[in-house]
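Visitor: Handing you this structure, nothing more for now.
Here, each number is a calculation from the coordinates, and none is a lab measurement. Everything numeric here is computed off the predicted structure, so don't read it as measured data. Note that each Cβ is placed from the backbone with ideal geometry, even for glycine, and that neighbours are counted across all protein chains shown.
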Amino acid sequence: MTTAPAPAPAPRRGALVLLAATQLLLIMDTAIVNVALPSVGEDLTAGSADLSWVANAYLITFGGLLLLGGRIADLLGHRRVFLGGLGLLAVASAAGGLAPGAGALVAARAAQGVGAALAAAAAFALLLLLFPDGPARHRALGAFAAMGGLGGVLGTVLGGVVTDLFGWRSTFWLNVLLAAVLAALAPRVLDRRTGPVRRGGFDLAGALTATAGLGLLAYALVGAADAGWLSARTLGAGGAGLALLLAFTAVEARAEAPLVPPSVLARPALRLSNTLAALAQTTLFPMFFLVSLYLQNVLGYQPLGGGLGLLPLSLVVVAVAPQTGRLIFRIGLHRTMTLGFVLLCAGTLWLALALTPDGGFTSTVLAPSLVLGAALPLVMVTTNVAATAEAAAEETGLASGLVNTSQQFGSVLGLAVLVAVATSRTETVDAARAAAETSGYRAALLTGAALAAAAAFLSVRLHPPRRVPEASPGPQVPDRR
């Protein structure tokens with residue numbers, strides 16, 4: 001009779017708490033500043049275009065540099081890059097708190113994204129090294145999923161509270177404080193088992209083409225909602241980004257030490273699992289945004305109330321995430337993944353059909369949000385497990401960079417597409433404002449449900465490898481870099 005292994009030892013539990021708290025901070029930072037944007041506009045006399053780039057600058061650099069950050073972590077040491085990322089995040093946050101104008105604030109947000117990309121890729125790689133594939137890793141990834149779900153809501157709630165009490169600059173100083181605390185704790189809990197460091201040259205041409213291509217693609221996606229999908233800016237940036245990514249594939253085929261070895265991308269399970277990770281976020285990330293808008297713009301909630309409306313969903317995430325590993329152990333990885341996407345499709349569809357202009361939170365949002373709260377950790381944990389299952393010890397940074405990049409671009413693409421769907425539907429409905437906005441949100445959520453249904457279909461075709469390459473069983477030398 002097969003039994004699940006015992007919980008992780010105390011040192012690894014301490015490392016997991018630190019890494020999960022880092023995930024919480026990075027996801028929270030995506031949402032906390034968004035709530036403060038109206039106050040930023042009033043204080044800095046910034047228009048809507050400038051304010052949109054206060055949010056978008058972070059997303060572009062975060063998404064564009066994750067892959068490079070993961071490979072840098074493999075080359076220079078995971079703990080070193082983790083601490084460097086947190087340090088840069090803290091310094092950039094301080095610059096944001098002191099920014100005299102919108103331009104300086106946008107630059108600070110871009111630098112925050114660079115720090116977040118380095119910290120996120122290194123943190124995920126550290127988790128993979130500390131927890132070999134199996135139930136222990138599944139539980140660790142469950143904690144990551146729980147912190148991701150909690151971070152989006154906590155950022156919305158904290159953004160409203162802190163901005164109301166202390167002003168918008170305090171949201172940046174909160175980042176400085178939290179990043180400094182995490183960096184101070186890291187040497188105490190990450191001084192062991194940080195894994196081998198990849199040796200060899202650095203693929204500069206691959207790094208430049210991949211980073212520039214991903215950055216331009218993110219720029220095109222986040223700007224499409226304002227400039228239009230067929231605008232010269234969107235098409236130009238998107239075309240240039242795709243051209244650079246094509247150049248990147250050509251460079252990798254000839255490089256001596258490629259940033260992404262072609263043999264890695266040749267793995268079918270890795271390609272499909274990264275696609276599924278992107279599809280999951282394409283539905284999930286915009287859902288948080290759309291529900292918050294519905295609660296505030298249609299039902300008349302204040303920003304704090306709009307954030308608290310997502311709290312039940314987050315509590316379900318926190319409750320279900322630790323159980324995901326047990327479910328994978330009992331029914332298998334791909335069945336758990338398919339179940340998660342089916343629940344994601346059902347919850348999004350239920351939410352879309354329940355929306356009404358004169359509805360209420362308990363009658364409209366609460367029940368389907370609980371289904372979505374159960375779906376979130378199932379799809380996030382299983383796609384992460386599948387996307388990293390074939391990673392050898394020296395590929396952990398690469399694997400973390402790939403799946404983080406897939407998730408980030410799924411978030412950016414989903415937000416751009418679903419907001420465009422909501423906006424176009426709202427503008428063509430000749431009705432009262434509340435009814436028109438509800439119609440737009442419903443159309444966007446129905447689109448998200450269709451994407452989740454496609455992911456559920458694709459997940460049936462996923463066949464992860466039965467045997468996973470692992471690090472050498474010999475003793476590991478502590479990496480104190």
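Visitor: Positive end of the dipole of the chain, charges at C-beta (+1 Lys, Arg; -1 Asp, Glu), about the Cα centre: which of PRO132, VAL251, ALA453 has its Cα farthest in that direction?
Guide: Projecting each Cα onto the dipole axis, the largest value belongs to PRO132.
Visitor: How large is the helix-only mean residue ellipticity at 222 nm for the chain, computed as the sum of -39500 (n - 2.57) over DSSP H runs with n ≥ 4, divided by its residue count, in deg cm²/dmol to the nearest 500?
Guide: -27000 deg cm²/dmol
Visitor: Next question. Karplus couplings for the range 311-324 from phi (6.51 cos²θ - 1.76 cosθ + 1.60, θ = phi - 60°), rounded to Hz, Gly and Pro as x?
Guide: So the J values, rounded to whole Hz, are 5, x, 4, 5, 5, 5, 4, 4, 6, 7, 3, x, 8, 5.
Visitor: Follow-up. Taking 7 Å along the Cα-to-C-beta vector as the label spot, tell me the VAL161-ALA434 distance in nanometres, rounded to one decimal.
Guide: 2.9
Visitor: OK, next. Which three extents, in angstrom, do the Cα atoms of the range 99-139 have along their principal axes, listed largest first?
Guide: Cα spread of the range 99-139 along its principal axes, largest to smallest: 49, 14, 9 Å.
Visitor: Sticking with this one: If you find the alpha carbon centre of the range 373-416 and of the range 327-345, how far apart are they in angstrom?
Guide: The two parts, judged by their Cα centres, are 16 Å apart.
Visitor: Could you give the nm distance between label points at LEU242 and SER363, where each point is 7 Å from its Cα heading toward the beta carbon?
Guide: 4.7
Visitor: Consider all pairwise Cα distances in the range 352-455 and report the whole-number % of them above 17 Å.
Guide: 65
Visitor: Using the basic label-point model (7 angstrom from Cα toward the beta carbon), what is the LEU177 to ARG326 distance in nanometres?
Guide: Result: 3.6 nm between the two label points.
Visitor: Only four residue types carry charge here, +1 at the Cβ of Lys and Arg and -1 at the Cβ of Asp and Glu. Report the dipole size of the chain about the Cα centre in Debye, rounded to the nearest 20.
Guide: 1500
Visitor: Still on this structure: Once you compute Rg and the Kirkwood Rh from C-alpha atoms, what is the Rg to Rh ratio for the range 286-372?
Guide: Value, to two decimals: 1.05.
Visitor: I've got another one for you. Round to the nearest 0.05 the FRET efficiency obtained for TRP229 and LEU315 when R0 = 35 Å and r is the Cβ-Cβ distance.
Guide: 0.40
Visitor: Ok, one more. Work out the charge dipole of the chain with +1 on the Cβ of Lys and Arg and -1 on the Cβ of Asp and Glu about the Cα centre, then indicate which of PRO377, PRO187, ALA232 is farthest towards its positive end.
Guide: Value computed over the given set: PRO187.
Visitor: I would also like to ask the following. Loop sites only, by DSSP: take the GluC sites (Glu not before Pro) in the chain that have at most 15 other C-beta atoms within 10 Å and name the longest stretch containing none of them.
Guide: 1-255
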